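Here's the structure, in structure tokens; my notes come after.
The values are calculated or read from the model by the stated rules, or taken from the named source; none is laboratory data. Nothing here was measured: the structure is a model prediction, and the numbers come from that model. Please note: Cβ atoms are built from the backbone with ideal geometry, for glycine as well, and neighbour counts cover all protein chains shown.
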């Protein structure tokens, strides 16, 4: 029976029981016939000298958003009269990270071909303004040139709260906000058990994913000596809200285990009457039990809190795979293709589950501390991440072949793994290609920009 409640009134509903906390996840369960994948792709913009494109002024990222409003995108402000920081169109959104990294959050789509087409269309839409103003959009995981002080933070209400709080938890938190970029993919689940299997497998494979997609080898204009500075940053952001969620590694895990973890994470804020109420000294569990300054938590507050958690795989109304660096044009669709093949084919998911079944949280956490430097040469027991990556690609290819979604040119989704497969076979990650001969470049800034230019394909 249809409900007369709107999203707004549901968000305003007080949390009365533990079941209310679980309801967000149970409500997201859907049949496999309705499964979709949504990709999120972040990218920093730079001028020819490597300076970051600012949010405001001319030229700026805000001006690009204004240009997009002429192409059917609708502004989505956080409050009436607020700054232009987000756009919506046909189930997709364009948003900004704190350092004005431009993010396309794609519409829920059926296959990786559609995701690729959507991303190419997005790049084409921002190209006229970008080219006219000397802006290049880069496909990599950490800003290759800029220092922290080169940024003015995007005026989104929660960002100053994060700016003030997160550095008390991790010394590289501001770098995460201002200088990192990622590609993520979001997946549906058909039951609580299915969600937990997907979460467990994806969490165990998160450091391997980070190694396969390591693509941020530069720091302030030069190679830093590793493969992924972004992966290094995430080791020192906030241990309360990041990492590998150990409570979900057991095969008996349920939604309750994720809720229990989330309840004990300190909050950032909640909103009342369009205003942000800072509340960084209290866990959500304490807020639920005791309130804060006369306020009692609502379902909307719980949703907001879930959005401020940053584990390598995040559970909301979808499963969000978060471990990878942003990629260059030839690899832009590899991450969603890889995980679509694993998570949306029962045989592939079972194979990935079996492959990781005896991996422990302690040993995988140990590899997470190495992949930023060693990439696919990271060792797990008697093998390397290169060998495991080859097995994982084989599993994903099987899933994609069985899905059998063809592009207009007749290729199935495996085509999006071709470049990744070639790199892994050589024991390389994307960072190795960016580094090849880079120190011999006459103008290293220009060479890095050329190699990372998303517009170059």
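For segment 223-241, residues that are closer than 24 Å to residue 167 by Cα and outside any loop (DSSP other than H, G, I, E, B) total 9.
Identification of helices (runs of 4 or more DSSP H) wholly contained in segment 144-222 with 1 or more residues that are in contact with a helix residue (DSSP H, G or I) (Cβ under 9 Å, 6 or more places away or on another chain) and over 24 Å from residue 358 (Cα atoms) yields 158-165, 173-179.
For (1) loosely packed, with under 15 Cβ neighbours inside 10 Å; (2) under 21 Å from residue 137 (Cα atoms); (3) touching a residue at least 60 places away in the same chain (Cβ under 8 Å), each residue gets a yes or a no:
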| residue | (1), (2), (3) |
| --- | --- |
| 25 | no, no, yes |
| 48 | yes, yes, yes |
| 72 | yes, no, no |
| 95 | no, yes, no |
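Scanning segment 202-246 for residues being surrounded by 21 or more Cβ atoms within 10 Å (Cβ to Cβ) and over 17 Å from the mean Cα position of the chain (by Cα) gives a total of 3. Looking across 129, 79, one residue alone is part of a loop (DSSP other than H, G, I, E, B) and either within 26 Å of residue 438 (Cα to Cα) or out of contact with any strand residue (DSSP E or B) (no Cβ under 6 Å at 6 or more places or on another chain) (or both). It is 79. Do we have any residue at all in segment 127-148 that's within 29 Å of residue 277 (Cα to Cα) and more than 18 Å from the chain's Cα centre (by Cα)? Looking through segment 127-148, at least one residue is within 29 Å of residue 277 (Cα to Cα) and more than 18 Å from the chain's Cα centre (by Cα).
Out of 299, 335, 376, 309, one residue alone is surrounded by 22 or more Cβ atoms within 10 Å (Cβ to Cβ), in contact (Cβ under 8 Å) with a residue 40 or more places away in the chain and in contact with a helix residue (DSSP H, G or I) (Cβ under 7 Å, 6 or more places away or on another chain). It is 376.
Just to be sure I understand, how many residues within segment 347-362 are surrounded by 13 or more Cβ atoms within 10 Å (Cβ to Cβ) and assigned to a helix (DSSP H, G or I)?
We begin by selecting, within segment 347-362, every residue surrounded by 13 or more Cβ atoms within 10 Å (Cβ to Cβ); these are 348-353, 355-356, 359, 361.
Next, from what is left, pick out any that are assigned to a helix (DSSP H, G or I): 348-353, 355, 361.
Residues meeting the conditions: 8.
Being part of a helix (DSSP H, G or I) and more than 16 Å from residue 195 (Cα to Cα): is that true of residue 366 here?
Working: part of a helix (DSSP H, G or I): yes; more than 16 Å from residue 195 (Cα to Cα): yes.
The answer is yes for residue 366.
Screening 388, 417, 392, 434 for residues that are in a helix (DSSP H, G or I) and either more than 22 Å from the chain's Cα centre (by Cα) or free of Cβ contacts under 8 Å to residues at least 60 places away in the same chain (or both) leaves exactly one candidate, 388.
For segment 313-330, a residue qualifies if it is in contact with a helix residue (DSSP H, G or I) (Cβ under 6 Å, 6 or more places away or on another chain), farther than 25 Å from residue 31 by Cβ and either free of Cβ contacts under 8 Å to residues at least 60 places away in the same chain or surrounded by 24 or more Cβ atoms within 10 Å (Cβ to Cβ) (or both), and the qualifying residues are 323, 324, 325.
Condition check: at pLDDT 95 or above and in contact with a helix residue (DSSP H, G or I) (Cβ under 7 Å, 6 or more places away or on another chain). Does residue 260 satisfy that?
Details: at pLDDT 95 or above: yes; in contact with a helix residue (DSSP H, G or I) (Cβ under 7 Å, 6 or more places away or on another chain): yes.
Yes; evaluated as a whole, the condition is true for this residue.
Taken over segment 254-265, the criterion of being under 21 Å from the mean Cα position of the chain (by Cα) and outside any helix (DSSP H, G or I) is satisfied by 265 alone.
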